[in-house]
Number of protein chains: 2
Amino acid sequence: MPDRDSQACETWRLFIQVLAVERSRLPTIASELGLSEAQCRVLELLDPSTSVSMCNVARALDCDPSNVTGIVDRLEARGLVERSPDRADRRVKKLMLTRVGKELRARLLERLAEPPAQIRSLSLSDQRALCAILQRVSGPARSSG
Amino acid sequence: MPDRDSQACETWRLFIQVLAVERSRLPTIASELGLSEAQCRVLELLDPSTSVSMCNVARALDCDPSNVTGIVDRLEARGLVERSPDRADRRVKKLMLTRVGKELRARLLERLAEPPAQIRSLSLSDQRALCAILQRVSGPARSSG
DNA sequence: TATTGTTATACTCTATAACTATA
DNA sequence: TATAGTTATAGAGTATAACAATA
């Protein structure tokens with residue numbers, strides 16, 4: 001059905017235009033916080049209440065574990081995260097946010113959550129409709145609620 | 001009036017979830033074509049029918065002109081683009097796609113235009129509604145400068 | 001003097017391969 | 001043998017500063 005396909009293409013085209021703005025937002029936010037984009041991704045990933053192993057970070061970032069060493073080295077040098085050995089498996093190192101790291105992560109999430117002017121410019125009813133549609137998008141990590 | 005603001009935040013949150021998928025799509029498409037993401041951006045930027053100066057590429061990429069030298073060096077080494085001096089201003093070098101470059105650019109744009117499963121999964125009426133709303137999004141007044 | 005493009009330098013991210021210490 | 005993390009190495013993107021050619 002070319003009808004639906006062509007509609008999807010046009011929708012996607014418009015979607016990408018909004019994406020282009022976001023693409024320039026992240027580097028800006030990152031540099032304002034003195035972070036690289038990769039460091040932001042690790043910070044986002046780390047839950048303040050739990051610890052994560054280095055290899056799980058690598059899996060989440062979809063990169064080689066050797067990269068995580070360097071990224072975490074720099075985060076640790078800034079006092080944002082801490083490595084500690086896992087008692088159950090001594091090969092594993094667990095990563096945890098420091099107090100400062102938790103604070104910076106909160107600021108980062110706050111900035112990332114700020115809707116850009118493009119979204120804010122929409123009328124309330126458009127925003128509600130957009131929201132409703134996006135909730136019906138079936139994504140890889142869709143959760144209830 | 002947190003009503004509209006909170007609606008915008010929630011809408012943006014959902015928007016970002018779709019964007020997260022795109023973030024992993026671009027590197028995949030790029031590597032399939034044997035390109036880096038920066039090289040893709042330059043290729044996208046170059047209109048097959050006109051030429052662009054190096055400094056305009058730098059402006060469009062929002063990066064230092066010294067970076068463009070390296071990126072274009074590699075594109076040129078692969079025979080995708082050509083530098084030629086501007087007759088009117090001999091400081092300027094104009095960039096143009098080669099025949100091979102035009103072909104690869106077409107393939108790149110084709111891949112980028114493919115709507116991801118998340119968009120295709122929406123019903124036709126949802127896609128139409130989404131499209132209509134996105135058309136009402138006001139861009140950031142093309143602030144290329 | 002200002003602009004265009006380049007080079008030199010340094011830092012970060014990225015992948016691969018080899019290594020260690022555990023398991 | 002396999003896995004977790006590191007190191008070594010190389011390539012690419014990024015920024016700054018200095019430079020030559022040109023305006």
*Being in a helix (DSSP H, G or I) and β-branched (V, I, T), is that true of even one residue in the stretch A:83-94?*
no
*Count, please, the residues in the stretch B:117-126 that happen to be facing another protein chain (nearest Cβ under 7 Å) and not in a helix (DSSP H, G or I).*
2
*Any chance the stretch B:133-142 includes a residue that's within 16 Å of DNA strand D (Cβ to nearest atom), surrounded by 17 or more Cβ atoms within 10 Å (Cβ to Cβ) and within 14 Å of chain A (Cβ to nearest Cβ)?*
no
*Mind checking which residues of the stretch B:85-114 are within 14 Å of DNA strand D (Cβ to nearest atom) and in contact with a strand residue (DSSP E or B) (Cβ under 7 Å, 6 or more places away or on another chain)?*
B:P85, B:D86, B:V92, B:K93, B:K94
*asked:* Take B:D47 and tell me if it is exposed (fewer than 15 other Cβ atoms within 10 Å of the Cβ), of a type in the set (D, E, K, R) and within 14 Å of DNA strand D (Cβ to nearest atom).
replied: no
*Inside the stretch B:1-58, can you point out the residues that are out of contact with any Lys or Arg (no Cβ under 9 Å at 6 or more places or on another chain), among the acidic types (D, E) and under 30 Å from B:L95 (Cα atoms)?*
B:E22, B:E37, B:D47
*Kindly indicate whether A:L95 is away from DNA strand C (no atom under 16 Å from the Cβ), in contact with a Lys or Arg (Cβ under 7 Å, 6 or more places away or on another chain), of a type outside the set (D, E, K, R) and over 21 Å from A:E22 (Cβ atoms).*
no
*Name the single residue, out of those in the stretch A:29-40 being of a type outside the set (S, T, Y) and part of a helix (DSSP H, G or I), that is nearest to DNA strand D (Cβ to nearest atom).*
A:E37
_Residue among A:L43, A:L19, A:L26, A:L14 that is away from DNA strand C (no atom under 16 Å from the Cβ), under 17 Å from the mean Cα position of the chain (by Cα) and part of a helix (DSSP H, G or I)_ = A:L19
*Is there a residue being loosely packed, with under 13 Cβ neighbours inside 10 Å, within 14 Å of DNA strand C (Cβ to nearest atom) and within 15 Å of the chain's Cα centre (by Cα) anywhere in the stretch A:70-79?*
no
_Just to be sure I understand the filter: pairs with C-beta atoms under 9 Å, separated by 6 or more residues or on different chains, first member in the stretch B:8-30 and more than 8 Å from chain A (Cβ to nearest Cβ), second member outside any helix (DSSP H, G or I) and crowded, with 17+ Cβ neighbours inside 10 Å. Which pairs pass?_
B:R25/B:P116; B:I29/B:L35
*Hey, any hits in the stretch A:54-62 for a residue that's of a type outside the set (A, V, I, L, M, F, W, C), assigned to a helix (DSSP H, G or I) and buried (at least 17 other Cβ atoms within 10 Å of the Cβ)?*
no
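Residue-wise test of (1) touching a residue at least 60 places away in the same chain (Cβ under 8 Å); (2) farther than 25 Å from A:L122 by Cα.
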site: B:L35; (1), (2): yes, yes
site: B:A38; (1), (2): no, yes
site: B:N56; (1), (2): no, yes
site: B:A60; (1), (2): yes, yes
site: B:S66; (1), (2): no, yes
site: B:E76; (1), (2): no, yes
site: B:D89; (1), (2): no, yes
site: B:A113; (1), (2): no, no
site: B:A132; (1), (2): no, no
_Candidate set from the stretch A:62-84 (those that are touching a helix residue (DSSP H, G or I) at 6+ places or on another chain (Cβ under 6 Å) and more than 12 Å from DNA strand D (Cβ to nearest atom)); member that is nearest to the other protein chains (Cβ to nearest Cβ)_ = A:L80
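Where a number appears in this text, it was derived from the coordinates with a stated rule and is not lab data. Since this is a predicted model, take the numbers as computed values, not measurements. Methodologically, a virtual Cβ is constructed for each residue, glycine included, from the backbone with ideal geometry; neighbour enumeration extends over all protein chains shown.
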